[in-house]
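Right, one structure below, let's go through it.
The values are calculated or read from the model by the stated rules, or taken from the named source; none is laboratory data. These figures come from a predicted structure and were not determined experimentally. Cβ placement follows ideal geometry from the backbone for every residue including glycine, while neighbour counts extend to all protein chains displayed.
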Amino acid sequence: MASLRDLGLSEYEARAYRALLRSGPTTAKELSRKSEVPMGRIYDVLNGLEQHRLVRSQAASRPKKYVAVEPDVGLDRLLEAKQRELDEQAEQYAETVDTLMDDLEAAAPVNGQFWTAAVGPEETLELLLERIDAADEELVFVGGSPAAGLDLETATGRVVDRLESALDRGVEVQLLLTPEVVCDLPDERNVEYNERLDKYDNYSVRTHEAVEGTFNLIDDVEVCLEVPNPLDPQQAFAMIDLKDRNFAADVREVFQPRWENAEPLKLPQHQ
């Protein structure tokens, strides 16, 4: 159940504010009785409510009287204060992440080999999205076959979201597709996704008939390689993520001539 405490008030402050709304202008002594806030605490509680800008006082009266601001005004003020507090916390967390990022990157080995794998369509997609997020400088995305076993539009939309985020942070993205992969999506989705990405200077896309398999080359040190199902080559079975600079260089050698001979992507004009 919603409570004024959710917006930053203490239990005594919430009681006192509700009592003031019911009673109108009230002295501290009367408010203590009506709100059941101990007299020894009532002035601290009223000071807190004044800091929250929920009460106004009539200093000229003897004894001093207090009145609550209207609920819509008071709740807006509490919401604004809570939003400021959350914004400040978010900035502090962001600064913490930046500091930890520098510390952790300094501790991470520059070279070394490591591999992992994901089995199944959804797990494969999650691994791919994770590695797109990890790209710092360059991402080569080669799609030689559609993502079998997943809803194509949903999966492609999630990949495009991550590619857009990578482009926003300055990653150079090269996308090489077969015409068949392009045709598997409806024209309106192709146009929508391309318009979202094509506005970036660090993005380029081409098509080539002789592209086999699906893989991603990340920062020239890491390769995500889709493994087809041996019982049904048209369906993805797993994805292997391999961090190996030498293997990545071999993949680059295979990719580069395909890229240089590829054609610019041609899509219908968006109406």
Listed residues L100, L86, L104; which is closer than 30 Å to E130 by Cβ, at pLDDT 90 or above, exposed (fewer than 13 other Cβ atoms within 10 Å of the Cβ) and outside the structural domain of R131 (by TED's automatic domain parsing)?
L86
Which numbered condition M1 misses (of (1) surrounded by fewer than 11 Cβ atoms within 10 Å (Cβ to Cβ); (2) touching a helix residue (DSSP H, G or I) at 6+ places or on another chain (Cβ under 9 Å)):
(2)
V142 passes all but one of (1) in contact with a Gly (Cβ under 9 Å, 6 or more places away or on another chain); (2) in a helix (DSSP H, G or I); (3) within 23 Å of V251 (Cα to Cα); which number fails?
(2)
For V45, indicate whether it is in contact with a helix residue (DSSP H, G or I) (Cβ under 7 Å, 6 or more places away or on another chain), of a type outside the set (S, T, N, Q) and either at pLDDT 85 or above or more than 30 Å from D220 (Cα to Cα) (or both).
yes
Checking S57, S61, S32 in turn, the sole residue that is polar (S, T, N, Q) and part of a helix (DSSP H, G or I) turns out to be S32
Taking the options L167, L150, L177, name whichever one is surrounded by 11 or more Cβ atoms within 10 Å (Cβ to Cβ) and at pLDDT 90 or above.
L167
Only listed residue being touching a Phe, Trp or Tyr at 6+ places or on another chain (Cβ under 7 Å), at pLDDT below 90 and farther than 30 Å from D220 by Cα, chosen from S61, S57:
S57
Test of understanding: among P63, P71, P38, which residue is touching a residue at least 40 places away in the same chain (Cβ under 8 Å) and surrounded by fewer than 13 Cβ atoms within 10 Å (Cβ to Cβ)?
P71
Give the range 185-225 a look and list any residue that's assigned to a loop (DSSP other than H, G, I, E, B) and under 23 Å from E126 (Cβ atoms), or say none.
L185, G213, D219, V221
Contacts under 7 angstrom Cβ, first residue in the range 208-225 being without any contact (Cβ under 8 Å) to a residue 60 or more places away in the chain, partner part of a loop (DSSP other than H, G, I, E, B), 6 or more apart:
H208/T178; H208/N261; H208/A262; E209/T178
